[in-house]
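S.K.: Pasting in a structure now, in structure tokens, and then I'll have a few things to ask.
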Amino acid sequence: MVVFLANRANLQHKRLHDRIQHRLSGEFENVRRRRAEPREAGPYRVVADVNPRQFLEDDEYPVTTARVEIGFQLQTGAPHEHYWFNWIEPERSLLVGWHQDDTHDDLGPVHLQVNDGATPVEHQRARFVDSHPLDVVEQRGNSLRDLVFAVEWEQGRPVGLDPVSQ
């Protein structure tokens with residue numbers, strides 16, 4: 001169990017994303033920090049390449065390349081940080097992940113989202129983790145396999161999620 005005692009109020013964007021990059025380097029390939037695109041909230045994303053068959057421990061998984069993208073936006077005006085923790089499979093146009101932001105207030109502060117390409121196909125309420133961002137990365141990372149396997153497919157397209165308690 002990892003315990004983070006850092007003061008969240010003193011977090012700096014670049015330093016936090018560098019620490020996330022360092023944390024992911026032991027588990028994923030080609031981990032890098034990049035500047036966020038103009039359409040993305042927050043200043044940075046940490047991107048890591050993944051071999052899904054190896055990561056998911058499933059030799060029959062239908063694709064061999066994926067990536068994980070994580071970004072935090074600090075000082076949001078909300079009582080908590082905003083973040084995006086996504087699993088992306090470009091070959092199948094899948095994005096699935098946790099989003100703690102100011103969208104979908106009806107679902108609470110955090111929701112799960114499934115996209116088919118750029119089109120959202122489902123949103124579900126997710127468990128709010130009121131913790132240091134590095135602990136959030138740890139907890140979401142530990143649940144990532146279950147989330148990927150919860151994606152429902154029809155005719156080769158992502159259509160939603162099995163009900164999950166994330």
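S.K.: Just the residues that are out of contact with any helix residue (DSSP H, G or I) (no Cβ under 8 Å at 6 or more places or on another chain) and either at pLDDT 95 or above or among the hydrophobic types (A, V, I, L, M, F, W, C) (or both), please, taken from segment 78-97. First the steps, then the outcome.
M.R.: Filtering segment 78-97 down to residues out of contact with any helix residue (DSSP H, G or I) (no Cβ under 8 Å at 6 or more places or on another chain) leaves 78-80, 82, 84, 86, 88, 90-95.
Hits for segment 78-97 are ALA78, TRP84, ASN86, ILE88, PRO90, GLU91, ARG92, SER93, LEU94, LEU95.
S.K.: Then there's this: If we keep just the residues of segment 144-165 that are buried (at least 19 other Cβ atoms within 10 Å of the Cβ) and either of a type in the set (Gly, Ala, Ser) or in contact with a Phe, Trp or Tyr (Cβ under 8 Å, 6 or more places away or on another chain) (or both), which is nearest to LYS14 (Cα to Cα)?
M.R.: Here the answer is LEU144.
S.K.: Can you tell me which residue is surrounded by the most Cβ atoms within 10 Å (Cβ to Cβ) among those in segment 10-34 that are in contact with a strand residue (DSSP E or B) (Cβ under 9 Å, 6 or more places away or on another chain) and in a loop (DSSP other than H, G, I, E, B)?
M.R.: Step by step, filter segment 10-34, then rank; the result is PHE28.
S.K.: Just give me the residues in segment 96-153 being within 26 Å of GLY26 (Cβ to Cβ) and either in contact with a Cys (Cβ under 7 Å, 6 or more places away or on another chain) or of a type in the set (Lys, Arg) (or both), in sequence order.
M.R.: ARG127, ARG140, ARG145, listed by residue number.
S.K.: If I ask for residues that are part of a loop (DSSP other than H, G, I, E, B) and at pLDDT 95 or above, which ones from segment 35-77 would you list?
M.R.: Within segment 35-77, ASN51, LEU56, GLU57, ASP58, ASP59, GLU60, TYR61, PRO62, VAL63, THR64, THR65 meet the criteria.
The values are calculated or read from the model by the stated rules, or taken from the named source; none is laboratory data. For clarity, every value in this text was computed on a predicted model and none was experimentally measured. Counting neighbours? That spans all protein chains shown, and the Cβs are built from the backbone with ideal geometry, glycine included.
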